[in-house]
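A.B. asks: First the structure, which I've put down as structure tokens, then a few questions once you've had a look.
The values are calculated or read from the model by the stated rules, or taken from the named source; none is laboratory data. Quick caveat, the model's predicted, so the values are computed rather than measured. Cβ placement follows ideal geometry from the backbone for every residue including glycine, while neighbour counts extend to all protein chains displayed.
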Amino acid sequence: MTDQQIISLFQARDEKAVSALSDKYRRTILNVARSHLHSPEDAEECTNDVMLKLWQSIPPAEPNSLEAFIVTVTQRMAINMAERQQAKKRGGGIPAQSLDELAAAVPARDSVEDAVRHRMLTEAVERFLVSLDDDAQTIFVEHYHNGSAPREIAVKFGITGIHVRKSLMQTRRKLKAFLTEEGLL
């Protein structure tokens, strides 16, 4: 079956499109996924996710080159999957750099006293977050709680990367001052 026939099946929302795509491109998708992922199971999962993504993407997308479109979608999904797995290894989904940035403002937990202090610290941080304006609070939570990179936040909210980094820097500075004032640093 030609690429144009497969695209026509997708546009007609005919489920035969997925099997035709699988027959023609499954090996390509699997090879691209394997080049970014370390386990055969992950590559297989990514391949299935790509099939679903293509079903959801065509239409509205009308690719000129079906193979190039498939390879691009596969690379993006495999890279995102690899990054999520790596992030979990570094700190439960929060990027290591984000954890390092907060390390100066948040003391370590080693004893029962530190556990109590940690609880007080958590409550203080919650009070601090409520005191922030919506913009700063959203950026801070998106970065430190959700683990989003500054460039991702910028794209998501339609602001510049410089604005995001400046807001994070100012908020960290305010957090440190707030925690010092609360007697927690």
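A.B. asks: Pick from THR160, THR138, THR122: which is among the β-branched types (Val, Ile, Thr) and surrounded by 15 or more Cβ atoms within 10 Å (Cβ to Cβ)?
C.D. replies: THR138
A.B. asks: Shifting gears a bit: Scan the range 7-19 residue by residue and report those that are of a type in the set (D, E, K, R) and assigned to a loop (DSSP other than H, G, I, E, B). Don't jump to the end; show me each part of the working.
C.D. replies: Quick first cut of the range 7-19, residues of a type in the set (D, E, K, R) only: 13-16.
Those that are of a type in the set (D, E, K, R) and assigned to a loop (DSSP other than H, G, I, E, B): ARG13, ASP14, GLU15.
A.B. asks: Still on this structure: What residue, among those in the range 83-103 that are part of a helix (DSSP H, G or I) and either touching a helix residue (DSSP H, G or I) at 6+ places or on another chain (Cβ under 6 Å) or more than 16 Å from GLY147 (Cβ to Cβ) (or both), is modelled with the highest pLDDT?
C.D. replies: The extreme case among them is SER98.
A.B. asks: Kindly indicate whether ALA33 is assigned by TED's automatic domain parsing to the domain that holds ILE79, buried (at least 20 other Cβ atoms within 10 Å of the Cβ) and not polar (S, T, N, Q).
C.D. replies: When the stated conditions are applied, ALA33 passes them.
A.B. asks: Does the range 143-154 include one or more residues that are without any contact (Cβ under 8 Å) to a residue 40 or more places away in the chain, surrounded by 18 or more Cβ atoms within 10 Å (Cβ to Cβ) and not in a helix (DSSP H, G or I)?
C.D. replies: So far as the range 143-154 goes, yes, one or more of its residues are without any contact (Cβ under 8 Å) to a residue 40 or more places away in the chain, surrounded by 18 or more Cβ atoms within 10 Å (Cβ to Cβ) and not in a helix (DSSP H, G or I).
A.B. asks: Working only within the range 171-185, note down all residues that are surrounded by 13 or more Cβ atoms within 10 Å (Cβ to Cβ) and assigned to a helix (DSSP H, G or I).
C.D. replies: THR171, ARG172, LYS174, LEU175, LYS176, ALA177, PHE178, LEU179
Yes/no matrix, rows are residues, columns are (1) aliphatic (A, V, I, L, M); (2) at pLDDT below 90; (3) part of a loop (DSSP other than H, G, I, E, B):
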residue	(1), (2), (3)
LEU21	yes, no, no
TYR25	no, no, no
LEU30	yes, no, no
ALA43	yes, no, no
THR47	no, no, no
PRO60	no, yes, yes
GLU67	no, no, no
VAL71	yes, no, no
MET81	yes, yes, no
